[in-house]
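Each remark here refers to the structure printed beneath this line.
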Amino acid sequence: MKILVIGNGGREHALVWKLRQSPRVSQVLCVPGNGGICQEATCLPGESRNLDDLLAVAHQQQPDITVVGPELPLSLGIVDEFSRRGLRIFGPTKAAAQLESSKSFAKEFMQRHNIPTARYAVCSSEEEMRKTLGLFSTPMVVKADGLAAGKGVVVARSKEEAATAGAEMFNGKLLGAPSEKVVLEEFLQGEELSFLVLSDGERVAPLVVSQDHKRIGDGDTGPNTGGMGAYSADSLVDSAMVEWLVNHVAKPTVAGMKSEGMEYRGILYCGLMMTARGPMVLEFNCRFGDPETQAVLMRLESDLVEAVEASIEGRVSEGVFRWSPDASCCVVVASGGYPGSFVSGKMMSGLERVAEIPNVKVFHAGSTRRDDMSYTSGGRVLGVTARASKLEEAVACAYEAVKMIKFEDMYYRKDIGARAIGKPEN
Ligand code: AMP
């Protein structure tokens, strides 16, 4: 079987790594891939935002299945385009991907289907937003409607701050392009949790839960990033909570989408806040998370290809996944300066030694490969991931591996998983 993976980050490296383990897979291709992926799959040129590039590759290579990593091609309709041409592809259609690509769509959908979420208002103009602000207490949350790669959410401490953030979303100053709608939202307090399910449009199967660390600094300080680390452990939630989340969040979402004529297939990522009033959905994503995928797939013992096919063919069941009871931890190693400006092209060392450690895997994100050497090429460079029977050991093992890797100006958080193992965060 020939599999095509779309994307170039740590998530895609983890997908390639896991898909390749299937005894049914003979070849993995990736567009465009990165310096880690090219050591395990055939990388082909193309941009994941350019559907014509992707269609041309698929036409030429005739993969048996295409697996899409990032949200952008899904929100542009890659699944619709591939399916129309008879190419098997894993993920939601453009209409179903609105659960991620439009925050106002997601909020209104959740309200229609009684899915627990923060109270909110959708505003279509700056004037409306300024008037509506008065109905909220502070802190409050201001969200731009469309895809914003994590930059479209502002937690405002005052109404003035909220008004400024909202105005900058409408006039394009914040995100580079103007937003047509802005969502105002009640501020929720609690622990965040990433709860993902596999869906075939009707049935769902949960993945193991995980938690990511979005801020750049230890103790959750500083600006937001794409994600600085993640961990996964069964101790994060009990099985009764998983059942509740399946019945009150995942199933009503998938059933609601079907009833509205937008069958949802693929991974449904529910970003939750575990509040005093119970779990509430902060956001939906229409694909695997990054870097949660690195931690989660490290625990998957069954064949990922089987799960992907079950979603495409409408036969998802609980038994589609078999998980290790172990815990896992992924520490993201970044270029110094990220998420601001940083310098690329630094030579990395120590990767060969780390490759020999059992139960550790380094997933590459912003890296390139030249003359058998790896160089940095992005903000988030590596996701050093470890698995062990206890979370504490997985964390320690990931950090031991990180310390063996060197490049100029490398940066990583020192407290991934710290809260869950009861250590102080600094
Ligand atoms: P989102 O893209 O909607 O998940 O928002 C990104 C991040 O902003 C979340 O992971 C939370 O840390 C934070 N956030 C979003 N909505 C809220 C909310 N209603 N209350 C508190 N924090 C929030």
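Read the figures in this text as sums done on the coordinates, not as results from a lab. If you're wondering where the values come from, they're calculated on a predicted model, not measured in any experiment. We place every Cβ from the backbone using ideal geometry, glycine too, and count neighbours over all the protein chains shown.
Couple of notes before you dig in:
- DSSP finds beta bridges in the chain, and of those with both partners inside it, around 80 percent are antiparallel.
- Based on alpha carbons, the Rg and Dmax found for the stretch 100-217 are 15.4, 45 Å.
- Computed E for Arg130/Thr275 - FRET, C-beta separation, R0 22 angstrom, nearest 0.05: 0.20
- With the charge dipole of the stretch 300-401 set up from +1 on Lys and Arg Cβ and -1 on Asp and Glu Cβ about the Cα centre, the Cα lying farthest toward the positive end among the listed residues Tyr399, Ala355, Gly340 is that of Gly340.
- Straight-line cross-link partners of Lys151 among the lysines, defined as a Cα under 25 Å from its Cα and at least 8 positions apart when in the same chain: Lys94, Lys103, Lys107, Lys131, Lys143, Lys159, Lys173, Lys181, Lys214, Lys414.
- For the chain, the dipole from Cβ point charges (+1 on Lys and Arg, -1 on Asp and Glu) about the Cα centre works out to 140 debye, to the nearest 20.
- Farthest toward positive dipole pole in the chain [+1 Lys/Arg, -1 Asp/Glu at C-beta], among Leu74, Phe109, Val197: Leu74
- D (Stokes-Einstein, µm²/s), Kirkwood Cα radius, the stretch 44-93, 0.890 mPa s at 25 °C: 230 µm²/s
- Equivalent-ellipsoid semi-axes of the stretch 1-117, from the Cα gyration tensor, Å, largest first: 28, 15, 13
- Cα-Cα pairs of the chain separated by more than 29 Å (percent): 44 percent
- Global geometry of the stretch 374-426, whether rounded, prolate or oblate, following the gyration tensor of its Cα atoms and the 1.5 cut on a/c: prolate
- When shorter helices are ignored and each DSSP H run of at least 4 residues is given -39500 (n - 2.57), the per-residue value for the chain at 222 nm works out to -8000 deg cm²/dmol.
- Of the three principal axes defined by the Cα atoms of the stretch 187-319, the extents in descending order read 43, 32, 26 Å.
- Dipole of the stretch 202-271, positive direction: furthest Cα of His248, Gln211, Gly229, with charges on the beta-carbon: His248
- For the stretch 208-282, the convex hull spanned by the alpha carbon atoms encloses 132 Å³ per residue.
- Translational diffusion coefficient (Stokes-Einstein; Kirkwood radius from C-alpha pairs) of the stretch 250-399 at 20 °C, 1.002 mPa s, in µm²/s: 119 µm²/s
- Partners for Lys406 among aspartates and glutamates (Cα-Cα distance below 12 Å; same-chain residues under 8 apart left out): Glu352
- Tail weight of P(r) past 17 Å, computed on alpha-carbon pairs of the stretch 139-183, percent: 19 percent
- Entry for the stretch 281-343 at q = 0.11, 0.17, 0.24 Å⁻¹: log10 I(q)/I(0) = -0.41, -0.80, -1.12, Debye formula applied to identical alpha-carbon scatterers, no solvent contribution.
- Whole-Å distance, taken between Cα centres, linking the stretch 253-294 and the stretch 62-118: 11 Å
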